[in-house]
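Visitor: I have a structure here, written as C-alpha cells, and I will follow up with some questions on it.
The values are calculated or read from the model by the stated rules, or taken from the named source; none is laboratory data. Nothing here was measured: the structure is a model prediction, and the numbers come from that model. Ideal geometry is used to build each Cβ from the backbone, glycine not excepted, and the neighbour counts take in all protein chains shown. Ligands, DNA and RNA are excluded from the accessible area calculation, which covers all protein heavy atoms including side chains. Shrake-Rupley method; radii C 1.70, N 1.55, O 1.52, S 1.80 Å.
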Amino acid sequence: MLGDTHVPDRAHSLNPVLKKLIEDQKPWDVVAFTGDLTSEEVLQWTKSLGREVYVVRGNMDYLPLPKTAVFEVEGLKFGVHHGDGVYPRGDTKILTRIADGLGVDVLLTGHTHADFVKPGTGGKKLLVNPGSLTGVWGGGGGSYTPSFMELVVVPGTLQLVLYKHARGRIEVRKYVITRSGESFIVREL
C-alpha cells in the first residue's frame, strides 16, 4: 500500500531507499495507492509494480482516476479511498461510514500522511493508512517520515508490515490482525 507522494509539487522524487525496497519485491500480487500521486510519472511507476493495481484520486490529483476502488483477496473485501473530505483528518467514525458505504471489510485510506492501522467504530471494519511514501508535509501535519505498508492475507489472519525510512535506516513494525466474531483485533508484534 502506497500513498501521498505529491511528486513533483511537494517532493522532487520518491524516497530512493523505499523505492528500491518496493521494486526489489515486484511483481506484487496487488498494489493499492491511496491517492495524491500528483504526476503521471508516479502513476506509470505504480502501474509497473503489480499484477493488479488500484489507484484512486486524491484531492491534489488532476489525473483521470476513480474516487474509490474495491477488490477482494481471500474472501476479504478491500476498499481504497483517499480520505479527503474527512474532518478531522483520519476520523475513525467517518472512515468507518465510508467503509460501510463501499461494503468492504478493510478500508485503505490516505490524506493524513501519517500511518495507522486500527479497527473502525464498533470494530467490524479495519482502517489502514500507509502514510506518505515521500514523507512530505500534509495539510494536517503528518509524520514527515517516508513510509509504505505490505499486507499479506492468510486465511483468518492479516499480516501487516510498516516500513519507514528514518534517521538513515529502515524501521520495520509488524502487526497481526485477526477477527474475533465480526470484530478486528490488531496486535503489534
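Visitor: Quick check on the range 32-55: of everything there that is assigned to a loop (DSSP other than H, G, I, E, B) and open to solvent by less than 50 Å² (accessible area, probe 1.4 Å), which residue is farthest from A11 (Cα to Cα)?
Guide: Step by step, filter the range 32-55, then rank; the result is L49.
Visitor: Taking R89, is it among the basic types (K, R) and part of a loop (DSSP other than H, G, I, E, B)?
Guide: Considered against the rule, which asks whether it is among the basic types (K, R) and part of a loop (DSSP other than H, G, I, E, B), R89 comes out as yes.
Visitor: Starting from the range 49-74, take each residue that is more than 19 Å from T112 (Cβ to Cβ) and list its partners that are β-branched (V, I, T) and surrounded by fewer than 12 Cβ atoms within 10 Å (Cβ to Cβ), counting only C-beta distances under 8 angstrom and pairs at least six apart or across chains.
Guide: Every condition considered, the pairs that remain are E74/V154.
Visitor: Could you check the range 70-81 and list, in sequence order, the residues that are touching a strand residue (DSSP E or B) at 6+ places or on another chain (Cβ under 7 Å) and in a loop (DSSP other than H, G, I, E, B)?
Guide: Answer for the range 70-81, where residues must be touching a strand residue (DSSP E or B) at 6+ places or on another chain (Cβ under 7 Å) and in a loop (DSSP other than H, G, I, E, B): just E74.
Visitor: Turning to a different aspect of this structure: Looking only at the range 2-31, filter to residues that are over 19 Å from S143 (Cβ atoms) and aliphatic (A, V, I, L, M); which one of those is surrounded by the fewest Cβ atoms within 10 Å (Cβ to Cβ)?
Guide: V30
Visitor: Any idea how many residues of the range 92-139 are more than 25 Å from L14 (Cβ to Cβ) and either at pLDDT below 95 or part of a helix (DSSP H, G or I) (or both)?
Guide: 14
Visitor: Out of the residues in the range 140-178 that are outside any strand (DSSP E or B) and open to solvent by 50 Å² or more (accessible area, probe 1.4 Å), state the one that is farthest from D24 (Cα to Cα).
Guide: Checked the range 140-178; the qualifying residue farthest from D24 (Cα to Cα) is G140.
Visitor: Additional query: Given (1) over 13 Å from the mean Cα position of the chain (by Cα); (2) open to solvent by less than 60 Å² (accessible area, probe 1.4 Å); (3) among the charged types (D, E, K, R), identify the lone condition not met by K67.
Guide: Every condition holds for K67 apart from (2).
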